[in-house]
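Accompanying notes for the structure given below.
The values are calculated or read from the model by the stated rules, or taken from the named source; none is laboratory data. What you see is a predicted model, and the numbers here were worked out from it, not measured in a lab. Backbone-built Cβ (ideal geometry, glycine too); neighbour counts: all protein chains shown.
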Amino acid sequence: MKLTFWGAAQQVTGSMHLLEVGHYKILIDCGLDYEKETYQEENQQFPFDPASINLVILTHAHIDHSGNLPTLVRLGFDGQVLCTPPTADLTSILLFDSVELFLRKASRKPRTKRGNFSGPKPLYLHKHVMDTIDRFVTIAFNKPFRINGDISLTFVPVGHLLGAAAAILTINDNGIEKKIAFTGDIGRENYPVLVNPEPLPKVDYLVSEATYGGRMHTKDQTLEERLVQEITEACIKSPGRLIIPAFSIGRTQSLVFALNQIFTKKLLPPIQIFVDSPMAIQATEVYRKHHNLVNQEAKDFYQTMGDEFEFEHLAYVQTMKESKDVSNYFDPCIIISSAGMLEGGRIQDHLYYNIQNYYCTILFIGYCAKGTLGYKLLSGAPIVRIKDREMMVYATIHQTDLLSGHGDHNDLVKTIKQTGQPKKVFLVHGEDKSLQSLSFALQEDGFNVAVPERGEVFEL
């Protein structure tokens with residue numbers, strides 16, 4: 001049995017791990033690596049023949065885990081993609097949105113004389129997404145699924161996003177049973193809407209994310225307290241606006257539920273809230289469809305107060321005309337828009353009109369990868385480029401980790417310890433400092449840890 005790390009190795013994005021059991025090849029996740037300016041060109045090339053892959057296991061829908069699946073299909077993969085039902089639904093939304101993003105980038109530059117795109121060529125088109133969706137086979141949580149005579153798969157809920165799972169593989173390797181777990185992205189406890197991560201079983205090998213290695217989430221303030229504070233400062237004490245960049249899928253639904261609870265309790269006077277993201281509207285319908293998988297708090301709220309994602313003074317913005325009307329709304333308001341890292345989406349329009357507004361606060365509620373516009377703003381850049389224009393940053397920039405979908409250092413250590421004493425723990429999906437911090441802590445506890453490089457191969 002052989003394991004090769006082809007993505008999220010000593011970086012965060014581009015999750016892609018190749019497990020070979022004899023001649024049978026399983027790819028765990030196939031995400032976009034967007035940590036380089038030339039990421040579209042970089043993601044065109046696979047270090048293996050896509051047609052040689054027998055099966056893909058998808059841990060969850062986020063684009064850094066799912067976003068290159070259509071390229072894999074376009075280049076010859078014709079097997080199944082195993083995932084949970086919500087992951088299939090949410091991934092479909094994200095992949096179609098990726099096509100739109102690619103097409104917009106391709107059309108930014110004038111077409112050639114022959115009418116071809118002169119910008120970056122799209123990685124894939126709608127046809128390739130539809131071909132990918134056709135390959136989805138959905139599996140319920142905690143129901144062992146036999147892949148073949150030697151391999152079975154079980155998905156264990158890990159929070160983080162609706163449908164997100166750790167993949168537990170039980171393998172008969174030449175008469176010897178071996179278990180290997182891939183955590184995907186590990187969520188945190190008591191997160192709005194989502195269930196707590198379930199304990200993982202004892203395994204022989206573990207591939208764990210390390211996004212928050214060495215870092216602890218804020219403990220001295222609740223999410224409710226922080227949101228009340230930010231809204232008070234931005235919209236009540238001054239007649240301003242609070243812009244919250246949020247991933248359309250997952251983060252927006254949790255944020256809307258948290259705001260619903262605040263205004264239901266009458267902790268603040270009514271303030272207009274706009275959710276400006278058609279994709280968030282689609283994703284919210286998926287959350288409603290799979291309501292049996294939300295946490296007990298959300299189910300109880302639904303029974304007593306009604307829909308978690310609808311309340312007075314909340315407006316979902318669908319069309320571009322409605323979105324422009326939001327820009328012309330001059331009363332204090334909250335604008336929730338995507339994308340969370342500010343790479344594309346309607347959030348760029350709101351930034352364009354507000355980045356130089358002294359009465360605007362931009363509150364980041366999630367991780368921003370290196371190279372993204374969000375990362376530059378959080379790094380204190382005084383000038384940023386938006387829509388091909390250099391703009392001074394006069395808006396107030398804040399960040400909170402209280403809505404981070406990732407477990408912190410202690411959560412990661414707790415999850416890893418649940419798996420017993422694996423022969424080896426592989427750490428991926430983290431920046432160098434996080435990887436090293438988590439690796440050191442685990443080694444102090446007696447774990448055999450590896451931080452693989454891209455392309456590094458391990459015999460298991």
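At-a-glance table
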read-out: Selected residue (criterion: nearest to Leu19 (Cα to Cα)) from residues of the range 211-232 that are of a type in the set (A, V, I, L, M) and surrounded by 19 or more Cβ atoms within 10 Å (Cβ to Cβ); value: Leu223
read-out: Condition check for Ser208: of a type in the set (S, T, N, Q), at negative phi, part of a strand (DSSP E or B) and buried (at least 23 other Cβ atoms within 10 Å of the Cβ); value: yes
read-out: Every residue from the range 230-249 that is under 30 Å from Phe96 (Cβ atoms) and of a type in the set (Ser, Thr, Tyr); value: Ser248
read-out: In the range 212-231, the residues that are touching an Asp or Glu at 6+ places or on another chain (Cβ under 7 Å) and not hydrophobic (A, V, I, L, M, F, W, C); value: Tyr212, Arg215, His217, Thr218
read-out: Count - residues of the range 407-445 that are of a type in the set (A, V, I, L, M, F, W, C) and either within 20 Å of the chain's Cα centre (by Cα) or exposed (fewer than 15 other Cβ atoms within 10 Å of the Cβ) (or both); value: 5
read-out: Options Ile365, Ile355; residue that is crowded, with 16+ Cβ neighbours inside 10 Å, under 25 Å from Val158 (Cα atoms) and either β-branched (Val, Ile, Thr) or modelled with pLDDT under 95 (or both); value: Ile365
read-out: Flag for Val12 being of a type outside the set (Asp, Glu), buried (at least 16 other Cβ atoms within 10 Å of the Cβ) and at pLDDT below 95; value: yes
read-out: So Glu322, is it over 20 Å from the mean Cα position of the chain (by Cα) and among the charged types (D, E, K, R); value: yes
read-out: Residues located in the range 120-158, provided they are farther than 18 Å from Thr91 by Cα, of a type in the set (Lys, Arg) and surrounded by 13 or more Cβ atoms within 10 Å (Cβ to Cβ); value: Lys121
read-out: Filter pass, Ala441 being in the same structural domain as Ser254 (by TED's automatic domain parsing) and at negative phi; value: no
read-out: Residue among Asp49, Asp97 that alone is over 16 Å from Arg135 (Cβ atoms), at pLDDT 95 or above and assigned by TED's automatic domain parsing to the domain that holds Ile151; value: Asp49
read-out: Any hit, the range 282-293, residues being over 22 Å from the mean Cα position of the chain (by Cα) and at pLDDT 95 or above; value: no
